[in-house]
Amino acid sequence: MSTAPEAQKPAKGAKADAKAEPKVTAKSKAKAEAAAAEKAAAAKPAKAPKAAAAKKPAVKKADVAKRTAHAESRLAQILIAPIISEKATMAAEKHNQVLFKVMRDATKPEIKAAVELMFKVTVDSVQTVQHKGKTKRFAKGVGRRDHVKKAYVCLAQGQELNFSGEGA
């Protein structure tokens, strides 16, 4: 006696034939060729940088010295002035931070390097704030204060900067 589920199952040989011969259409051939072309294109650039890296000329010591000298001259200009205010004093006491007015295009790594170069201290972190200048009325019309960038520089534990001039 045959049951309904067994009648629906194809023979074992039919399954093997269906797996062995999938339908091949023009679209599937085009997709296969496109995938092969992409793999080949992806493989070529991976080899090119290795060859280019081997051909790089050696860096001369004089070139490195010029770059660091330029960087030091830029670092000397990054810090404009320390900010001495009630808020700055509170930040110094609570978080061991020092506030500086810095150039508006200065980056955090540049600010860190400038403070370490100028004051011979270790800097843990730098946070920056951009303040837009206020619009103010003057006797002959309206003016605007300058835009300012401030840097909160967190010093390493046990280090401090003294701007009062005592003990210098």
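The values are calculated or read from the model by the stated rules, or taken from the named source; none is laboratory data. Quick caveat, the model's predicted, so the values are computed rather than measured. Cβ atoms come from the backbone with ideal geometry, glycine included; neighbour counts cover every protein chain shown.
Odds and ends about this structure:
- The one condition in (1) part of a helix (DSSP H, G or I); (2) touching a strand residue (DSSP E or B) at 6+ places or on another chain (Cβ under 6 Å); (3) exposed (fewer than 15 other Cβ atoms within 10 Å of the Cβ) that residue 104 fails to fulfil: (1)
- Just one of the numbered conditions (1) within 16 Å of residue 91 (Cβ to Cβ); (2) among the hydroxyl-bearing types (Ser, Thr, Tyr); (3) without any contact (Cβ under 8 Å) to a residue 24 or more places away in the chain is not true of residue 128: (3).
- Counting the residues of the stretch 50-79 that are outside any loop (DSSP other than H, G, I, E, B), at pLDDT 55 or above and over 25 Å from the mean Cα position of the chain (by Cα) gives 2.
- Residues in the stretch 130-147 that are modelled with pLDDT of 90 or more and either β-branched (Val, Ile, Thr) or in a loop (DSSP other than H, G, I, E, B) (or both): 132, 133, 134, 135, 142, 145, 146, 147.
- Residues that are modelled with pLDDT under 95 and farther than 16 Å from residue 79 by Cα occur at least once in the stretch 95-107.
- Looking only at residues in the stretch 112-125 that are more than 23 Å from the chain's Cα centre (by Cα) and touching a residue at least 24 places away in the same chain (Cβ under 8 Å), the one that is farthest from residue 102 (Cα to Cα) is 121.
- Qualifying residue in the stretch 134-141 (condition: aromatic (Phe, Trp, Tyr) and farther than 13 Å from residue 98 by Cβ): yes
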